[in-house]
Amino acid sequence: MTQPAISVKDLSYSYGDNLAVDGIAFDVAAGEVIGFLGPNGAGKSTVVKILTGQLTPLKGTAVLLGLDIVKERKQVQHQIGISFEDTNLYEQMSAVENLDLFAKLYKVENFDAMSLLEKVGLAGREKERVASYSKGMKQRLMVARAMVSDPKMLFLDEPTDGLDPVSTQTIHALIRGATQRGTTVFLTTHDMVEADKLSNRVAFINQGKIVALDTPARLKQRFGLRALKVEVELPHGETAIREVTLDEEQTAQAVFDLFRNERIVTVHSEEATLEDIFFDITGRGLQG
Ligand code: ATP
């Protein structure tokens, strides 16, 4: 079997008495996008900080690209790109200067800042000081900066949190482009639509533990109930909604009865969202 790009075993971390990451284990294949989905305080950022060598785990191991993050931190850090919510950009410098500086640090030859800035929609504003940028522009620049060295692995911590739809789309396109080049992406988010759209597999994290990890489709199959929502017309012209749960023994009969006995106006199928499933497993929502 080929070596996983990330292999985590029994990883824990605590801030004082607060056990923020509680014995988690998972593997990520090379080229895979793994989405870490969980509410505020679930432990997502702490996991990213451990995997990127900013925090030393209390217990357990994390091996990235065949290297132990504690013992071979510098070598790992040289091969990964990180975009963190609070990543510092040099505010007094322009976007081009920020990227060029990073390219120098990473010894990237023939670096073309403009081509990267075009991809994140910052061409035309590249000479302005970053201090004058909006939150969305800074966020796009941070994601671009994480990609300067075309790293084998990208860590994106809530890359679209609080952004407008255009900035979000731009960042999603960048992530897709990176995965097409074979980059492994570790994405944390509390946006279930984002996790569903971008991830090959999603890990649900709650109170420092991974409570489910699978492809979005399989999570929906395993935990979510599919249903038909049928709008019917009642005798005096008003309408009502009837719901039939799919995949059950009596489903076929229920659909048959409905179509035989009622006047059907519209039929829609509905599947559970990742948020519904997260709620079913943990008893809490993804927001807050
Ligand atoms: P968010 O979505 O809000 O970023 P998160 O899932 O990334 O949340 P973490 O930031 O990893 O969660 O926090 C996990 C737990 O650790 C929380 O209880 C949080 O209060 C605590 N914590 C995080 N950073 C620190 C810190 N620097 N000092 C003390 N406690 C911390």
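The values are calculated or read from the model by the stated rules, or taken from the named source; none is laboratory data. A quick note: this is a predicted structure, and the numbers were derived from the prediction, not measured. Ideal geometry is used to build each Cβ from the backbone, glycine not excepted, and the neighbour counts take in all protein chains shown.
Is it true that some residue in the stretch 135-157 is within 20 Å of THR46 (Cβ to Cβ), of a type in the set (Asp, Glu) and buried (at least 22 other Cβ atoms within 10 Å of the Cβ)?
To start, the set of residues in the stretch 135-157 that are within 20 Å of THR46 (Cβ to Cβ) comprises 142, 146, 153-157.
Next, from what is left, pick out any that are of a type in the set (Asp, Glu): 157.
Pick out the ones that are also buried (at least 22 other Cβ atoms within 10 Å of the Cβ) and you get 157.
Scanning the stretch 135-157 turns up at least one residue that is within 20 Å of THR46 (Cβ to Cβ), of a type in the set (Asp, Glu) and buried (at least 22 other Cβ atoms within 10 Å of the Cβ).
Test THR56 against the criterion of being at pLDDT below 95 and either over 15 Å from the mean Cα position of the chain (by Cα) or closer than 26 Å to VAL211 by Cβ (or both), and give yes or no.
Details: at pLDDT below 95: no; either over 15 Å from the mean Cα position of the chain (by Cα) or closer than 26 Å to VAL211 by Cβ (or both): yes.
Here the answer is no, as THR56 does not meet what is asked.
In this structure, is ALA212 outside any strand (DSSP E or B), within 16 Å of the ligand (Cβ to nearest atom) and assigned by TED's automatic domain parsing to the domain that holds VAL33? Even if it seems obvious, please write down each step before you answer.
Values: outside any strand (DSSP E or B): no; within 16 Å of the ligand (Cβ to nearest atom): yes; assigned by TED's automatic domain parsing to the domain that holds VAL33: yes.
Here the answer is no, as ALA212 does not meet what is asked.
Test GLY16 against the criterion of being within 16 Å of the ligand (Cβ to nearest atom) and out of contact with any Asp or Glu (no Cβ under 6 Å at 6 or more places or on another chain), and give yes or no. Don't jump to the end; show me each part of the working.
Numbers: within 16 Å of the ligand (Cβ to nearest atom): yes; out of contact with any Asp or Glu (no Cβ under 6 Å at 6 or more places or on another chain): yes.
It is true that GLY16 is within 16 Å of the ligand (Cβ to nearest atom) and out of contact with any Asp or Glu (no Cβ under 6 Å at 6 or more places or on another chain).
Which ones in the stretch 35-61 are more than 10 Å from the ligand (Cβ to nearest atom) and either crowded, with 23+ Cβ neighbours inside 10 Å or among the hydroxyl-bearing types (Ser, Thr, Tyr) (or both)? Before the answer, list the steps.
Start the filter on the stretch 35-61 by keeping residues that are more than 10 Å from the ligand (Cβ to nearest atom), which leaves 35, 51-54, 56-61.
Residues satisfying the conditions are GLY35, LEU51, THR52, THR56, THR61.
Kindly check whether there is at least one residue in the stretch 181-192 that is surrounded by fewer than 21 Cβ atoms within 10 Å (Cβ to Cβ), assigned to a strand (DSSP E or B) and modelled with pLDDT of 95 or more.
no
Looking only at residues that are surrounded by 10 or more Cβ atoms within 10 Å (Cβ to Cβ) and either modelled with pLDDT under 90 or of a type in the set (A, V, I, L, M, F, W, C) (or both) in the stretch 229-238, which one is farthest from GLU271 (Cα to Cα)? Walk me through it before giving the result.
Restricting attention to the stretch 229-238, the residues satisfying the condition of being surrounded by 10 or more Cβ atoms within 10 Å (Cβ to Cβ) are 229-234.
Adding the requirement that they be either modelled with pLDDT under 90 or of a type in the set (A, V, I, L, M, F, W, C) (or both) leaves 230, 232, 234.
Details: VAL230: 14, VAL232: 20, LEU234: 26 Å.
Among residues in the stretch 229-238 that are surrounded by 10 or more Cβ atoms within 10 Å (Cβ to Cβ) and either modelled with pLDDT under 90 or of a type in the set (A, V, I, L, M, F, W, C) (or both), the one farthest from GLU271 (Cα to Cα) is LEU234.
Determine if the stretch 198-217 includes at least one residue that is within 16 Å of the chain's Cα centre (by Cα), surrounded by fewer than 20 Cβ atoms within 10 Å (Cβ to Cβ) and free of Cβ contacts under 8 Å to residues at least 12 places away in the same chain.
Yes: the stretch 198-217 contains one or more residues that are within 16 Å of the chain's Cα centre (by Cα), surrounded by fewer than 20 Cβ atoms within 10 Å (Cβ to Cβ) and free of Cβ contacts under 8 Å to residues at least 12 places away in the same chain.
Only residues in the stretch 33-55 that are of a type in the set (Ser, Thr, Tyr) count as the first member; pair them with residues that are near the ligand (Cβ under 7 Å from one of its atoms), Cβ under 7 angstrom, at least 6 apart or cross-chain, and list the lot.
Within 7 Å, the pairs are SER45/THR188; THR46/ALA20.
Please state which of the following conditions ARG218 fails to meet, knowing it meets all the rest: (1) among the basic types (Lys, Arg); (2) touching an Asp or Glu at 6+ places or on another chain (Cβ under 9 Å); (3) part of a helix (DSSP H, G or I).
(2)
Take the stretch 239-288 and flag every residue that is exposed (fewer than 13 other Cβ atoms within 10 Å of the Cβ), of a type in the set (Lys, Arg) and part of a strand (DSSP E or B).
If the condition is that a residue be exposed (fewer than 13 other Cβ atoms within 10 Å of the Cβ), of a type in the set (Lys, Arg) and part of a strand (DSSP E or B), then ARG263 is the only one that fits.
Quick one: would you say PRO165 is surrounded by 17 or more Cβ atoms within 10 Å (Cβ to Cβ), away from the ligand (no atom under 16 Å from the Cβ) and modelled with pLDDT under 95? Give the steps one after another, and end with the answer.
Values: surrounded by 17 or more Cβ atoms within 10 Å (Cβ to Cβ): no; away from the ligand (no atom under 16 Å from the Cβ): yes; modelled with pLDDT under 95: yes.
In short, no.
Residues GLY124, GLY162: which one is out of contact with any helix residue (DSSP H, G or I) (no Cβ under 8 Å at 6 or more places or on another chain) and either in the same structural domain as PRO4 (by TED's automatic domain parsing) or part of a loop (DSSP other than H, G, I, E, B) (or both)?
Numbers: GLY162 fails: out of contact with any helix residue (DSSP H, G or I) (no Cβ under 8 Å at 6 or more places or on another chain).
None of the others qualify; the one that does is GLY124.
Among the residues of the stretch 127-159, what is the count of those that are within 16 Å of the ligand (Cβ to nearest atom) and in a helix (DSSP H, G or I)?
Of the residues in the stretch 127-159, 3 are within 16 Å of the ligand (Cβ to nearest atom) and in a helix (DSSP H, G or I).
Looking only at residues that are surrounded by fewer than 15 Cβ atoms within 10 Å (Cβ to Cβ) and within 23 Å of the chain's Cα centre (by Cα) in the stretch 1-13, which one is farthest from the ligand (Cβ to nearest atom)? Don't jump to the end; show me each part of the working.
At the first step, the residues of the stretch 1-13 found to be surrounded by fewer than 15 Cβ atoms within 10 Å (Cβ to Cβ) are 1-3, 9-10.
Pick out the ones that are also within 23 Å of the chain's Cα centre (by Cα) and you get 3, 9-10.
Working: GLN3: 27, LYS9: 19, ASP10: 18 Å.
Per the criteria, the residue is GLN3.
Hey, GLU85 hits all of (1) at pLDDT below 95; (2) farther than 21 Å from ARG145 by Cβ; (3) under 21 Å from the mean Cα position of the chain (by Cα) but one; which does it fall short on?
The single condition GLU85 does not satisfy is (2).
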